[in-house]
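These notes concern the structure reproduced below.
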Amino acid sequence: MTLSSHRFHSAAALTLMASALAAVTGCHNVTPAAKSSANNAVAVHSIPVDVMKDYISGDYASADYDKRAQGYDWVGVMVRSAGNEQIDIKVRSRSDIKKPTCQFDGTASLMGQDKAHGVIFQTKVNDSTAFFQFKDGMLTIDSQDKYALNYFCSGGASLVGDYQKLEGDLALN
């Protein structure tokens, strides 16, 4: 991926996530993951364990994962349930023929869910909030600060982007 196409992809992903987050906050049917600051507490609806396991848990990979045999660099994301409202996230990149470019380990908490936006988790990363949106077999990672997720990658890469859910396990090498 060239630097200019990476910048375009990152800008497009950032725009998409900002739009999605704006829409999520504007929707009345979003299931909140926290109590309201008003006197009445908003009901907390957790994702059922079987939904978490089937819909979200799994391994995801960047578009170039399918071309790994040709030497393309790729990034993979392993997502596992850490309870009804949290997920463990491990990001790894190609390490078989070169030094890994990206690595991240973290836990994210449920932000909200609805049919229009899928399920969105969030976590604090480098004084910013990172968002993990799951919808239609795709994971989109983004942040309020477009540079906050660069810290975990070398060579100008970032965790920001789209990752397709894999049928099987991520092949780390």
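Below are the figures for this structure:
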read-out	value
Positions within region 101-115 being polar (S, T, N, Q) and part of a strand (DSSP E or B), in sequence order	GLN103, THR107, SER109, GLN113
Test: residue in region 144-157 that is under 20 Å from SER81 (Cβ atoms) and either open to solvent by 60 Å² or more (accessible area, probe 1.4 Å) or among the aromatic types (Phe, Trp, Tyr) (or both)	no
Close pairs (9 angstrom Cβ cut-off, 6 or more residues apart or separate chains): without any contact (Cβ under 8 Å) to a residue 24 or more places away in the chain and open to solvent by 50 Å² or more (accessible area, probe 1.4 Å) in region 65-88, of a type in the set (Lys, Arg) and assigned to a strand (DSSP E or B) anywhere	ARG80/LYS90; ASP88/ARG80
Some residue of region 116-136 being at pLDDT 95 or above, open to solvent by 20 Å² or more (accessible area, probe 1.4 Å), hydrophobic (A, V, I, L, M, F, W, C) and not in a loop (DSSP other than H, G, I, E, B)	no
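The values are calculated or read from the model by the stated rules, or taken from the named source; none is laboratory data. These numbers were taken from a predicted model, which means no experiment stands behind them. Positions of Cβ are backbone-derived with ideal geometry, glycine not excepted, and every protein chain shown enters the neighbour counts. Surface areas here come from the heavy atoms of the whole protein model, side chains and all, with no ligands, DNA or RNA. Shrake-Rupley method; radii C 1.70, N 1.55, O 1.52, S 1.80 Å.
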